[in-house]
Every structure is written in structure tokens, then in C-alpha cells.
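For reference, the structure I am asking about is given below.
The values are calculated or read from the model by the stated rules, or taken from the named source; none is laboratory data. Nothing here was measured: the structure is a model prediction, and the numbers come from that model. For neighbour counting, all protein chains shown are included, and Cβ atoms are generated from backbone atoms with ideal geometry for every residue, glycine included.
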Amino acid sequence: MKALVLNRVAVAVFAAAIILAGQAGASVVPHEPDPQVGYYRPLRDDYVKDWFIYMDTTVDGILNPGDTQVDQLKNWWTPVSSGSQALYSDNPAAGGDLTCAPQNWATYTLPEDHPDKNNPNYNYWLPREEHTIGFYMTYSQFDNNAWHDPNFLYGDNIVQQTIVRERHTGRNGWALGWVINDYDAPRTQTPEGYVIMDIAVHDGKQDTVIDGWGRSVSNPQVSMSDDMNPTLSLDKTLSYKTRHPAIFDDAAGSYTWGVNQTRMIANGYDANDLATLVSSQELKEVAGFNSGRTDHAGSPYLYQDAFIERSTYVKGATDGGVITGLSGYNAFDPELMNWGDQQVIRIEISKDTLVAGGITEVRFFDFGDSTPGSDSGQVNPRMIVFHADAGGNLYFDDGVSQIFFPQNRIFIALTEYLIPEPASVCLLALGAGAIAILRRRRPA
């Protein structure tokens, strides 16, 4: 039986984090984590993947030939859960606003006697800035444990083990996270803006066996949502105190008592409390949907999982969320042109978010290659920046012109291809130089 040790150092590090991050002595530099060994499953061979960013050139709501690749990125990784990586505050400020500060938890696997075990600056913290949304793809070693295996026991007793298993089953694979705005101390609680964003996932679910690693069970789900009810989100049954969202019931297409009752009852809560918790989540899962389009084989192109972000942020605090359990499925064969056989994440940001909501930039972080344990691995990411004009339209500035994203829609996919249809070429009207800039790569 495994004791709950997700972070014995979490409380100490978080207590100093918001104030001290970036303020320690110059001799301390951020490091990439070392993987957890022994009880956890090892990192998958492909734990760092290439992810490709596309625009919906064809304006049909699905990623297909004719859409344009804009850039690419490599994902982040952490030994802790994807929700813990987002480092959600345990202490509500006056007015109830909570904050998050994503970091890699390089301190987690340090020996207990290491001088930087509780030093927040040994970790790499995701850059934040007011009036921005910063997206990152990540891989969590904790999420990728064998939660489907009844012999994998994580907890001090059967109740803890059941709660953690129910929460984490289906979280194998990767995660998409984001942080909104920035924090400063003290928080003023002055309303500053809001975000209206819809995210849908095509073929994110998967149950498969990875050679040399084991079974991988993926089911996209929320692992962190900002501003959850500070009382109901805190799971008091666990040896460590962290906040958790409710579990979505795929069969019902909603949040139901049946899949949440173990945790809620153990904490002394009822169905009304569950409804209050769900209502407080600024990131929620909703029922998937049919795009109304067909794929390469003429089958309906489905978004089996969908999520809505409806958040308000205040001056001096961040918002954010994490969607985990993304399979990274990719069976694309360019000879077959089976472009529908891959996981696709569709992000749509409302124009209101980019006008009245106050967001002026949308950023994606490219973490590059991984060198576990080093101070030169994933600790200096490249930023891919999209801007908003006065009308709330998202665009990419290639240094020559502003290239707008139809419907403020961004795709993240696993395959690299650019096969525009003739009409799309005319629509884009991009010269060779512009395309070369759009397809730029991380410098060697």
C-alpha cells in the first residue's frame, strides 16, 4: 500500500511560491525535474511530443486539408499530477479569488537532504503577464500511473485509494493547461476582465497498449479549475490537502451524484453540495457533439469531449484550468490521407474576451527537448504569440502582415502536413516568404 506522498513538500513550497518565485538569490537557477522512480511508471518513450498549431483556413470547424499550419511546439512535463502542476492556491484571498501558478515541480524528486528541496526557484515557473492567456501542453508522470490496475494502490486506506483511483482513471496521456493574467501581492480583488472560451477534443479517448510501457487509458477530463468553491473542492480525506474538481459522467453527459458520491460522502457532503461545487467551477466539461462535417472516410466528424471556460479574473490574481487524459492518438498516413485519424484539440476564444474581457495576447509555450535533471532542459521555452485587434479578432503577425484566425479558432494536432486546396491558396494569398516564416522552427 502506497502512502499519500504526492507532495509532503507542497505546503512548504507553495507557502513561499507566490511571494518568492523569481526573487531568490542569483545562484539558484531553475531545473528540469528528474522522473520519479520505483513505484511510479517510467516516462513513456514519447513523453515529449511535437504538437502542431493550425488555423481553420477552410472555416468549417474541423482540421482537414486546406487548413494552414502556423507553428509547432513541444510539451512540458512534470512528475506530479497535471492539476498539481498548475499549483492551485490553498488560501483564498479576501473576496474569494484563488490563484494558480504553473510550475514543473523539479523539487519533488530531490532527496530530502538536498539544499534546494523547498526552494521554489529550483522549479521552472510558467511566465505570466497581465491581459494574456498562456497555453501549454504537458505530460504528467503521476497521471500516467496504472490507475486502471486494481493492484496499483495509492492511499493510506481503502477510502483514499478509491477516491484517488476514481479521480485519476482515464488520465493517461497528455494535458492542455493555461494560465490567465498575472498575480501580485497583495491581490486587490478589483475586477479586471473575463474569458469566454470553448474547447473540444476529437479522438482524445483511447484504451491501448504501448509496447514496453503498458496499458494506456485516456479520457479527456478537467483536472484543475480555478475559483472552485474553497470549502467543497478541498478533499479532507487525503493526507495532503489539495483542491479537486468534480468528476464528469460520460454516460450521462453531465456531472452526476453516482460518480462523485464516494468522495462527497467521505467529506460529509450531499448532492446539493456537489451541485454547488460544479457551479463554482470556471472550467467545466459538457457533452460532446457532432461537428456536422465528415472525415476522410465519410464518417461523422465527432468532438467526443467538450469543455467551457467561463471565468472572471481580478487585478493581482490569475485564473486557469487543465484538461488531462488526452491520448495523443495519431494514425495518420500521408499515403492514405486519413486525416481524421488523429487527436485534434479545437480552441475557440470569443471576441468579447479579446475586447471587453481585456485579453490582448494569446501565447503558446514551446518547451523544446527534455534533459531530465538539468538546468538547460525545459527551462527556457519559446513563446508563440497571437495578438488581438480592436474588434476582438485573433491574428498572428509574421513580420510582414497580420494573418487572422477565422472564428478565433485554433487547432492543436499531432501531424505535420500542409495540403491546401486551390481555393484555400487563393484565400490565404501568402507568398513563399510568409509561409516560410509561419513554418519557422526552434533554432538549433
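Taking segment 209-228 only, how many residues are touching a residue at least 40 places away in the same chain (Cβ under 8 Å) and either small (Gly, Ala, Ser) or surrounded by fewer than 18 Cβ atoms within 10 Å (Cβ to Cβ) (or both)?
Matching residues across segment 209-228 total 9.
Now for a separate question. Would you call residue 247 crowded, with 18+ Cβ neighbours inside 10 Å and not basic (Lys, Arg)?
yes
Looking only at segment 213-270, how many residues end up being farther than 30 Å from residue 46 by Cα, hydroxyl-bearing (Ser, Thr, Tyr) and touching an Asp or Glu at 6+ places or on another chain (Cβ under 7 Å)?
Total satisfying the criteria: 4.
Within segment 269-297, which residues are crowded, with 19+ Cβ neighbours inside 10 Å and either of a type in the set (A, V, I, L, M, F, W, C) or in contact with a Cys (Cβ under 6 Å, 6 or more places away or on another chain) (or both)?
274, 277, 278, 283
Right, next: Across segment 135-169, which residue is modelled with the highest pLDDT among those that are among the small types (Gly, Ala, Ser) and surrounded by fewer than 24 Cβ atoms within 10 Å (Cβ to Cβ)?
Narrowing segment 135-169 to residues among the small types (Gly, Ala, Ser): 140, 146, 155.
So of that shortlist, the ones also surrounded by fewer than 24 Cβ atoms within 10 Å (Cβ to Cβ) come out as 146, 155.
Working: 146: 97, 155: 86.
Here the answer is 146.
Right, here's the next one. Which residue pairs have Cβ atoms closer than 6 Å, lie 6 or more positions apart in sequence or on different chains, and pair a first residue in segment 155-166 that is within 17 Å of residue 144 (Cα to Cα) with a second residue that is buried (at least 19 other Cβ atoms within 10 Å of the Cβ) and aromatic (Phe, Trp, Tyr)?
As it stands, the answer is 164/154; 165/147, since those pairs meet every condition given.
Can you tell me which residue within segment 360-390, out of those that are part of a strand (DSSP E or B), touching a Pro at 6+ places or on another chain (Cβ under 9 Å) and charged (D, E, K, R), is surrounded by the fewest Cβ atoms within 10 Å (Cβ to Cβ)?
Taking the candidates together, the pick is 382.
Could you tell me how many of the residues in segment 156-171 are over 27 Å from residue 205 (Cβ atoms) and part of a loop (DSSP other than H, G, I, E, B)?
So the count comes out to 2.
Consider only pairs whose beta carbons are under 9 Å apart and that are at least six residues apart or on different chains; among these, list those whose first residue lies in segment 31-51 and is without any contact (Cβ under 8 Å) to a residue 40 or more places away in the chain and whose second residue is not in a loop (DSSP other than H, G, I, E, B).
Within 9 Å, the pairs are 39/2; 39/154.
Are there any pairs, at least 6 apart or on different chains, whose C-beta atoms fall under 8 Å, with the first in segment 296-320 and closer than 30 Å to residue 338 by Cα and the second of a type in the set (Ser, Thr, Tyr), and if so, which?
300/291; 300/294; 301/291; 301/294; 302/291; 303/291
Looking only at segment 393-428, filter to residues that are assigned to a loop (DSSP other than H, G, I, E, B), more than 28 Å from residue 352 (Cα to Cα) and more than 27 Å from the chain's Cα centre (by Cα); which one of those is modelled with the lowest pLDDT?
For segment 393-428, the residue satisfying everything is 421.
Which one is surrounded by the most Cβ atoms within 10 Å (Cβ to Cβ), of the residues in segment 349-359 that are within 17 Å of residue 128 (Cβ to Cβ) and in contact with a Gly (Cβ under 6 Å, 6 or more places away or on another chain)?
The selected residue is 357.
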